[in-house]
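The values are calculated or read from the model by the stated rules, or taken from the named source; none is laboratory data. As the structure is a prediction and not an experimental result, all values here were calculated from the model. Neighbour counts run over all protein chains shown; Cβ positions are idealised from the backbone, glycine included. In case anyone asks, the SASA skips ligands and DNA or RNA and just uses the protein heavy atoms, side chains included. Shrake-Rupley method; radii C 1.70, N 1.55, O 1.52, S 1.80 Å.
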There are 2 protein chains.
Amino acid sequence: MTTWRTAPTRTIDVNGTKFAYRELGDPTGVPVVFLHHFTAVLDDWDPRIIDGVAARHQVIAFDNRGVGSTGSTVPTDLEEMGADAIAFIKALGYDKVDLFGFSVGGAVAQMVALQAPDLVRRMVLAGTGPRGGGGIWKMPFIVGGAYAKAFLTRKDPRHFLFFPRNAEGKKAANDYFARLAERTADRDQPISQQARLAQLRAITGGGLHAPDDLSKITVPVLVANGDNDLMVASKLSADLANRLPNATLRIYPNSGHGGIFQHHRAFVPEVLDFLASKSSVAR
Amino acid sequence: MTTWRTAPTRTIDVNGTKFAYRELGDPTGVPVVFLHHFTAVLDDWDPRIIDGVAARHQVIAFDNRGVGSTGSTVPTDLEEMGADAIAFIKALGYDKVDLFGFSVGGAVAQMVALQAPDLVRRMVLAGTGPRGGGGIWKMPFIVGGAYAKAFLTRKDPRHFLFFPRNAEGKKAANDYFARLAERTADRDQPISQQARLAQLRAITGGGLHAPDDLSKITVPVLVANGDNDLMVASKLSADLANRLPNATLRIYPNSGHGGIFQHHRAFVPEVLDFLASKSSVAR
């Protein structure tokens with residue numbers, strides 16, 4: 001069986017731009033499309049999450065416009081990122097998908113659900129919050145601090161941004177980066193400086209944007225986060241779940257923005273249960 | 001003669017809020033009102049600049065709403081900061097002032113000149129740029145990095161934000177902080193966390209705001225900056241001067257955001273010349 005470690009990188013033309021993606025898992029049923037975090041390329045997906053979901057679903061992960069191996073440049077606006085994701089999904093021929101959005105990917109997933117409500121069956125929104133959420137506009141301040149620490153310590157900034165700086169968190173960070181390194185062949189292109197800055201601007205603009213009417217997103221949503229997220233305050237995930245009419249909130253202990261990676265053993269079964277359930281999710 | 005070191009801190013009621021200010025210098029003629037930088041309180045003014053200007057003009061420095069010893073809270077919008085500055089100036093009884101704005105204070109000065117054009121005779125705008133200027137929105141990223149370095153090195157973040165990290169810059173930074181420490185009595189209250197975050201949000205929002213029509217600001221303006229400003233790119237000061245119909249641009253060598261402090265010996269005479277000249281400034 002194909003795993004994330006060996007899934008080939010494919011490309012598809014989307015209105016003149018080559019989008020890079022990988023797919024694996026059971027190709028029957030509704031696929032789960034993964035939307036990624038600030039600075040992330042395909043190889044930044046945790047194999048345990050991807051393979052865990054792919055055990056029961058078709059999984060499609062892609063580099064959105066301007067990211068990694070995908071051509072063109074990253075737009076500076078979340079709505080445009082959502083439109084690009086819709087164009088990619090439609091180019092693959094799907095008219096119904098589940099979305100798995102992490103961090104800014106979760107913001108993009110909300111844009112997809114608002115722009116193309118019929119396209120989305122269910123969503124998992126992890127480490128993310130609503131547009132106009134209090135404090136998201138200052139993410140560049142948090143990121144800047146982590147980048148400085150990363151530069152001074154020669155560590156990936158996600159050591160500081162995704163995991164608590166305690167014994168459990170440091171071990172979780174090291175385990176996470178070891179998993180990201182499992183794939184050794186056919187790795188993705190790194191993020192560009194253009195992509196990094198455009199994403200940061202889109203996140204900042206989203207933070208200062210007027211709130212969306214999330215009551216329009218009526219599909220079941222699983223909202224997940226760590227209990228002490230420095231990038232998107234955990235209370236903003238709670239606010240997101242509260243404003244979505246059909247959402248369940250799952251908060252993991254002693255963890256931050258990367259809580260779903262730190263707690264992947266608990267998280268993956270919850271995602272599978274959520275995606276498999278036939279009825280609406282109870283609040 | 002009163003100097004910045006001993007000028008008493010006064011308060012005045014502005015629509016129910018006590019504003020803290022200090023004034024010194026010749027009380028005849030048009031006063032020069034100083035507008036300050038992100039996180040700055042009265043004691044963060046460089047005595048050489050204040051005393052230098054006060055040698056020939058009345059100087060009024062104040063804590064805007066929510067800053068330092070002034071009551072209330074800092075608004076999250078540059079236009080409101082401008083309106084607060086206008087209310088303070090009018091409460092003091094002035095109908096014509098010169099403005100000296102540094103960094104976000106320079107942005108507030110632009111708001112004053114746009115909202116109350118008849119109030120302003122001349123402006124000095126240092127270490128600042130226009131609203132909607134490319135890249136100002138990401139200042140929190142720069143600030144966050146500097147705060148992390150400051151925390152790790154137990155230095156004031158302005159060591160990293162205001163001065164180049166070379167021999168001349170490091171000496172200039174140390175000299176600057178020594179000057180800020182000259183006043184020992186009747187010092188101001190420190191900036192609050194509310195003020196800090198509201199200012200950062202206002203700066204971010206200003207960066208993402210639509211550009212103002214600066215051709216409406218017809219008064220003479222001296223635009224000054226270091227040649228390698230990390231917070232407000234020096235080219236944005238050039239852009240500001242270019243869009244103001246009556247501006248002179250002065251860029252100081254081997255210096256950054258705090259270029260006017262590093263080069264105060266050259267800068268003060270230029271400010272005095274500028275404020276004294278009767279006619280419009282040549283481009």
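Things to note:
- For the peptide A:134-141, the mean number of other protein chain Cβ atoms found within 10 angstrom of a residue's Cβ is 6.
- Contact residues in region A:200-240 (at least 20 Å² less accessible area with all protein chains than alone, 1.4 Å probe): A:Leu200, A:Arg201, A:Thr204, A:Leu208.
- At q = 0.14, 0.22, 0.23 Å⁻¹ the log10 of I(q)/I(0) for region B:2-70 amounts to -0.39, -0.93, -1.00, computed by Debye summation with a single uniform scatterer per C-alpha, solvent ignored.
- Copy-to-copy label separations for B:Gly132, where each label sits 7 Å from Cα toward Cβ, in nm and ascending: 2.3
- Protein-protein interface of region A:148-166, residues with accessible area decrease of at least 10 Å², isolated chain reference, 1.4 Å probe: A:Ala148, A:Lys149, A:Leu152
- Sorted from nearest, the other copies put their A:Arg265 label points 6.7 nm away, the label point being 7 Å from Cα in the direction of Cβ.
- Between amide H atoms placed 1.01 Å from N, distances below 5 Å from B:Arg250 occur with B:Val223, B:Ala224, B:Asn225, all of them 5 or more places distant or on a separate chain.
- The amide H of A:Leu35, built 1.01 Å from its N in the peptide plane, has A:Phe100, A:Gly101, A:Phe102 as neighbours under 5 Å, considering only residues 5 or more places off or on other chains.
- Annotation: for a label point projected 7 angstrom from Cα along Cα→Cβ of B:Tyr94, residues of region B:1-23 with backbone N closer than 20 Å are B:2-23.
- Here chain A carries DSSP beta bridges of which approximately 30% are antiparallel, counting only pairs with both residues inside.
- Set the Cα radius of gyration of region A:90-188 against 2.2 N^0.38 Å, with N its number of residues, and you get 1.35.
- When only alpha carbons are used to place a centre, region A:61-78 and region B:20-88 end up 45 Å from one another.
- Diffusion constant of the protein assembly as shown at 4 °C, which comes from Stokes-Einstein with the Kirkwood Cα-pair radius and 1.567 mPa s, µm²/s: 51 µm²/s
- Take A:Asp227, move 7 Å from Cα toward the beta carbon, and the resulting point lies 5.5 nm from the same point in each other copy, nearest first.
- Only lysines eight or more places from A:Lys216 in sequence, or on another chain, were considered; those with a Cα closer than 18 Å are A:Lys96.
- Karplus-based coupling profile of region B:192-199, in residue order and whole Hz: 8, 5, 4, 4, 4, 5, 5, 5, with θ = phi - 60° in 6.51 cos²θ - 1.76 cosθ + 1.60 and x standing for Gly or Pro.
- Rg and Dmax over the alpha-carbon atoms of region A:116-269 stand at 16.3, 47 Å.
- Closest approach to the axis - chain B beta-carbon, rotation onto A, Å: B:Gly144, 1
- Surface burial for A against B, with a 1.4 Å probe and both sides summed, reaches about 1600 Å² of accessible area.
- Volume of the Cα convex hull of chain A, divided per residue and given in Å³: 113 Å³
- Structure-based [θ]222 nm, chain B - -39500 (n - 2.57) summed over DSSP H runs of at least 4, per residue, nearest 500: -12000 deg cm²/dmol
- Note, ³J(HN,Hα) from phi for region A:59-71, Karplus 6.51, -1.76, 1.60, rounded to Hz, x at Gly and Pro: 10, 10, 10, 9, 8, 5, 3, x, 9, x, 7, 7, x
- The accessible surface of the protein assembly as shown, taken with every protein chain in place and a 1.4 Å probe, is 51 percent carbon and sulfur.
- Isotropic mean projected area of the C-alpha convex hull, region B:1-121 (nm²): 6.5 nm²
- A cut-off of 5 Å between modelled amide H atoms, ignoring neighbours fewer than 5 places along the same chain, links B:His57 with B:Asp26.
- With 10 Å bins from 0: P(r) over region B:16-55, alpha-carbon pairs, percent: 23, 54, 22, 2
- ³J(HN,Hα), Karplus 6.51/-1.76/1.60, whole Hz, each residue of region B:143-156, x for Gly, Pro: 5, x, x, 5, 5, 5, 5, 4, 5, 6, 9, 6, 10, 5
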